[in-house]
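Computed from the coordinates by the stated procedures, all read-outs in this text should not be read as laboratory data. Because the structure is a prediction, the values reported are computed rather than measured. Cβ atoms come from the backbone with ideal geometry, glycine included; neighbour counts cover every protein chain shown.
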Amino acid sequence: MPAYDSRRPTVGSLLGVPIGSVPAARPPVAEAEPGVPSEPEGPNWRVDAGEVTLGAAASGTLYRPDGVEALTFSNPFGQVMERVWFDGKVVYAVDLGEVEVDPERVKVAQEYQIVYAVKLDEHSHLIGEPEMVPDQLNIYDTVPGMPGYSPIWQFNYVIVPRGYTPNTLRSEADCLASGYPVLRSQVFEN
């Protein structure tokens, strides 16, 4: 085995910490003004042009007067985003794709997709693609910060007639009280 060469880059040296040493504790970041976080990491942060402040959730302004989430997000990584309904309000979500989970072992939240038709097999997996209602937003049962929230969504298909007006259903309660068939699938998305 070759001798250790302290000039070679290592994970520690890339972080500015020589191998075998412990990084010095960083002093806490002083809170410059109300609304500016004092900790090096935390929830509800908003970053505008490199300046960190507490986000809309911390300030109490979650939604605009028209019921749309008061979100500012530059989407620096070009992620697929969507608008969805939550309790009659429009919120934004990042679609990270389908995942396979065991809902008995993994906490999941419920997402409702309004469709004209859908086929599921005997294990509640999709057979083909559902026939979507054009312009209808999907519906979430929870949002971050709620006890039942999870970033893993289990799809429930609400089957509506052809005369259905898009976005009539805007909440989980609307879906469950609608009288339309609701099929719980084994389709999960992150």
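Points worth noting:
- For the stretch 79-190, the relative contact order comes to 35 percent (Cα pairs under 8 Å, sequence separation of at least 6).
- Prolate/oblate/rounded call for the stretch 100-168, Cα gyration tensor, a/c under 1.5 rounded: oblate
- Remark: Glu189, Glu172, Glu41 ranked as Glu41, Glu189, Glu172, counting other beta-carbon atoms within 10 Å and listing the fewest first.
- When each of Ile152, Ile127 is scored by the number of other beta-carbon atoms lying within 10 Å, the sequence from fewest to most is Ile127, Ile152.
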